[in-house]
Each structure stands twice: as C-alpha cells, then as structure tokens.
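> Got a structure here, written out as structure tokens. Questions coming.
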Amino acid sequence: MPQHIGILTSGGDCPGLNAAIRGLGKAARDHYGMRVTGFLNGFRGLANDQTVELDGAMLSGILTDGGTILGTSRDKPHRMPIGDRVLDMTDAVLATYHRHHLDALVCLGGGGTQKNAQRLVEAGLNVVTLPKTIDNDIALTDRSFGFDTALQIATEAIDRLHSTATSHERIIVVEVMGHRAGWLALEAGIAGGADVILLPEIPYDAEKIAAAIRTRTQSGKRFSIVVVAEGAMSVEEAAEVASLLKARDKADSKKDRTAISGKLSKFHDEHVGHTIRLTRKLEKLTSQETRLTILGHLQRGGTPSAADRVFATWLGTECAGVLHARQYGVMLALQGNRIVRVPIAEVAGRKRLVPPDHPLIAAGRHVGTSFGI
Ligand code: F6P
C-alpha cells in the first residue's frame with residue numbers, strides 16, 4: 001500500500017502556502033509514490049471530513065498563486081464553533097484520520113497551528129508541520145514563509161509614503177501587522193528608512209517620539225515616517241498588561257483567573273485602533289500635520305516573492321522526505337542555511353520575539369532611527 005498523507009493549511013493565510021503544498025504534493029506523489037489528500041479550511045475540514053484529492057492537475061499552476069487552494073480557518077480541534085455552540089471535535093478529527101487510513105498529517109501554519117498539531121500528536125496521530133506566517137515569530141526557525149513577501153509589500157508601501165510625506169511636510173504613521181512580534185515592523189522600517197519604529201517588544205513613550213521628530217524638524221527634515229506594529233504599546237499600556245498577567249498568574253481561583261482574562265481580552269479589543277490615537281497624539285505634540293496608513297491584509301495578499309517560493313518549495317519537498325522516512329512529531333525549520341527537524345512539542349506555545357538587544361535594533365539606532373524610548 002502506498003503511504004497516504006493528509007495536508008491542511010490553518011491560521012491566517014499567507015503567500016507561499018500554495019508553493020509549499022505544490023512542493024510537498026509533487027515530491028510525495030511523483031518521487032515517493034504516495035497518495036495525497038487535502039483537507040479543506042484547516043482543522044474544520046478534518047473534523048467534518050471535507051477533502052480534495054491532490055492529484056497532478058490540482059498541484060499544477062499554483063506556484064505563483066497567493067492564498068491557499070485548501071482554504072484556511074483559525075478553528076481549533078478542541079474548541080470549534082459549531083452553530084451557536086463551541087464543541088470539542090478532537091474525536092471527529094481522529095475518526096476522519098483513521099477513516100482515510102492516513103499514515104500522517106501535515107499541518108501548514110503559524111503558532112496556533114503548532115499548538116493544535118501538538119495536541120493531535122498527544123492524541124496519537126503522526127503529524128509533521130511546516131512554519132508559515134508573515135509574523136516570522138515561530139520558535140526554533142529563523143524564517144517562516146510568507147514573511148519575505150509581506151516585508152516587500154510593507155517596504156514598498158513605506159517607499160511610496162515617503163514621497164507624499166515629503167511633499168506635504170507631514171508625519172505619516174504606517175501600521176503593519178504583528179500583534180506580539182515586531183519582526184515585520186523592524187525589518188520593513190529598516191528597509192524603508194523609517195525615522196521611528198515601534199515594536200510590541202519595546203514599549204514607547206509618545207513624548208520621546210515627538211522629541212525625535214522635533215529634532216528632525218530642527219535639522220531641516222520636515223517630514224517623518226513612523227512604522228508601528230499593530231501590537232505596539234505605550235509604556236503605560238505595557239505596564240497595565242504586565243500587571244494583569246501577574247495578577248492572573250497569582251490568582252487562586254478559576255473565577256478570578258477568568259475575570260482577569262476578561263479584562264485582558266477587553267484591553268486587547270480596545271487596543272485595536274491604537275494607531276489612530278497615537279497619530280492624533282503625535283499631531284498634537286508636534287503641531288505637525290499627521291496622517292495614518294493601515295496596511296492590514298494587503299500584507300498577506302497576492303503572489304509570493306521569489307524568496308518565499310524557493311523557501312516554501314524547499315520545505316515542502318524536504319517534508320516529503322521526512323514523511324517517507326516515517327519521522328513524525330516534527331516541524332521543519334530553517335536554522336542557518338539548513339532545514340532541520342525540531343520537535344513540535346518544543347515549538348508549541350512558544351513565540352520568537354524581537355530581543356531588545358537584537359543587532360538590527362542597534363543598526364537602526366546607528367542610522368538615527370528612534371524606537372520611541
Ligand atoms: O498571524 C498572522 C497575522 O497576519 C497577524 O500579523 C495579524 O495580527 C493577524 O494574522 C490578523 O488576523 P486575521 O486575518 O484573522 O484578521
């Protein structure tokens with residue numbers, strides 16, 4: 001019997017998913033003689049047994065396409081909204097896996113997907129994962145595919161905003177994606193020559209940003225570009241979150257923990273749109289006309305960059321070799337210039353954040369960029 005492999009894509013989409021599906025599918029089928037079945041819309045398709053046969057025709061002509069031919073969702077096997085209820089669908093997921101006599105399941109996804117994959121490993125399934133996300137924040141891998149394309153899109157946007165900011169002598173605030181990790185803001189900011197870069201990892205002081213902008217003005221530079229990660233916070237906001245997290249860790253009862261988690265969710269819900277408040281504040285503090293551009297899902301759309309096509313194809317084809325060797329419970333990761341296998345258990349629940357002493361932060365400071373502190 002040929003090996004039978006299932007594939008799904010889960011979490012937010014990103015450019016390069018189809019390149020990875022194609023690399024994996026073609027290598028698995030044509031090189032190793034495996035059968036490959038796709039599950040639709042992430043773990044939901046696995047719970048509901050919605051499949052598509054990944055034959056030669058399905059795998060052809062998709063290398064350059066954005067999105068994912070399999071569809072995706074943020075559904076978790078153990079907490080899936082069904083109608084107006086949220087149900088544990090783990091048994092349904094296991095039943096589908098066994099009904100298809102799968103030898104292994106490959107999950108392409110970011111941090112949440114790695115956690116869900118590990119739950120399935122613990123439930124006894126053979127799982128391999130690939131790292132995708134424009135946030136580039138998956139533990140133990142130097143890169144996730146999707147990041148390079150998003151970086152290009154954000155950099156081009158910053159380049160374009162430069163000319164309009166200069167013409168009008170304005171401050172332009174550019175919000176890029178990244179709730180917890182600031183890699184995209186950091187690298188796009190450096191590539192685009194931003195004057196200020198604000199990351200979730202380095203709480204900012206609006207007065208210091210305004211001071212940096214005033215210094216530019218005094219030296220004759222009458223425009224400024226401020227690149228902000230969507231999860232960046234002021235010093236006060238970061239202190240509020242830190243104290244809620246501390247209180248939750250110390251809480252004795254489940255009731256208290258739930259109440260504090262509710263406060264944290266409320267904080268994060270209200271934090272969406274914080275760049276609007278920051279833009280107004282900077283305008284007030286500097287008395288300079290200020291505009292905001294939110295790049296949003298543009299950063300995740302469209303055709304993957306050459307680097308993402310190459311990386312995703314490499315990961316996909318290597319993955320077929322790992323499956324052929326029947327090695328399971330691993331994520332394929334880029335470390336240095338090699339693809340290595342790391343236990344999913346060591347990736348799940350961890351995030352790769354920008355360390356405050358990262359060399360790129362020093363590089364930014366050396367070219368005069370302010371990090372808002
Ligand atoms: O996790 C990737 C990501 O693109 C984040 O940078 C962003 O905050 C989030 O997804 C947006 O998610 P959604 O597509 O669900 O709005």
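The values are calculated or read from the model by the stated rules, or taken from the named source; none is laboratory data. This is a predicted model, so every value here is computed, not measured. Heads up, the Cβs are rebuilt from the backbone with ideal geometry, glycines too, and the neighbour counts pull from every protein chain shown. The area values use the complete protein model at the heavy-atom level, side chains included, leaving out ligands, DNA and RNA. Shrake-Rupley method; radii C 1.70, N 1.55, O 1.52, S 1.80 Å.
> From the set of residues in segment 102-113 that are over 17 Å from V52 (Cβ atoms) and away from the ligand (no atom under 16 Å from the Cβ), which is most open to solvent (accessible area, probe 1.4 Å)?
Filtering first and then ranking leaves D103.
To keep it simple, each residue is scored yes or no on (1) within 19 Å of A181 (Cβ to Cβ); (2) open to solvent by less than 90 Å² (accessible area, probe 1.4 Å); (3) part of a helix (DSSP H, G or I).
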| site | (1), (2), (3) |
| --- | --- |
| K221 | no, no, no |
| G231 | yes, yes, no |
| E236 | no, no, yes |
| S243 | no, yes, yes |
| A259 | no, yes, yes |
| F267 | yes, yes, yes |
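> Read through the list (1) surrounded by 20 or more Cβ atoms within 10 Å (Cβ to Cβ); (2) more than 20 Å from I5 (Cα to Cα); (3) away from the ligand (no atom under 15 Å from the Cβ), then give the number of the only condition that L140 fails.
The single condition L140 does not satisfy is (1).
> Quickly run through segment 114-137 and pick out the residues that are more than 10 Å from the ligand (Cβ to nearest atom), closer than 19 Å to D75 by Cβ and either not assigned by TED's automatic domain parsing to the domain that holds M89 or not in a strand (DSSP E or B) (or both).
Within segment 114-137, Q114, K115, N116, A117, Q118, R119, L120, V121, E122, A123, L125 qualify.
> Output the number of residues of segment 224-253 satisfying the condition of being closer than 17 Å to G372 by Cα and not small (G, A, S).
Adding up the residues that qualify gives 9.
> So for segment 121-136 (the condition being more than 28 Å from H324 (Cβ to Cβ), in contact (Cβ under 8 Å) with a residue 40 or more places away in the chain, surrounded by fewer than 20 Cβ atoms within 10 Å (Cβ to Cβ) and out of contact with any Gly (no Cβ under 7 Å at 6 or more places or on another chain)), does at least one residue qualify?
Taking every residue of segment 121-136 in turn, none turns out to be more than 28 Å from H324 (Cβ to Cβ), in contact (Cβ under 8 Å) with a residue 40 or more places away in the chain, surrounded by fewer than 20 Cβ atoms within 10 Å (Cβ to Cβ) and out of contact with any Gly (no Cβ under 7 Å at 6 or more places or on another chain).
> Within segment 219-228, can one find any residue that is closer than 30 Å to G193 by Cα and within 16 Å of the ligand (Cβ to nearest atom)?
Scanning segment 219-228 turns up at least one residue that is closer than 30 Å to G193 by Cα and within 16 Å of the ligand (Cβ to nearest atom).
> Within segment 169-219, take every residue that is among the acidic types (D, E) and outside any loop (DSSP other than H, G, I, E, B) and give me the one that is surrounded by the most Cβ atoms within 10 Å (Cβ to Cβ).
For segment 169-219, the residue satisfying everything is E175.
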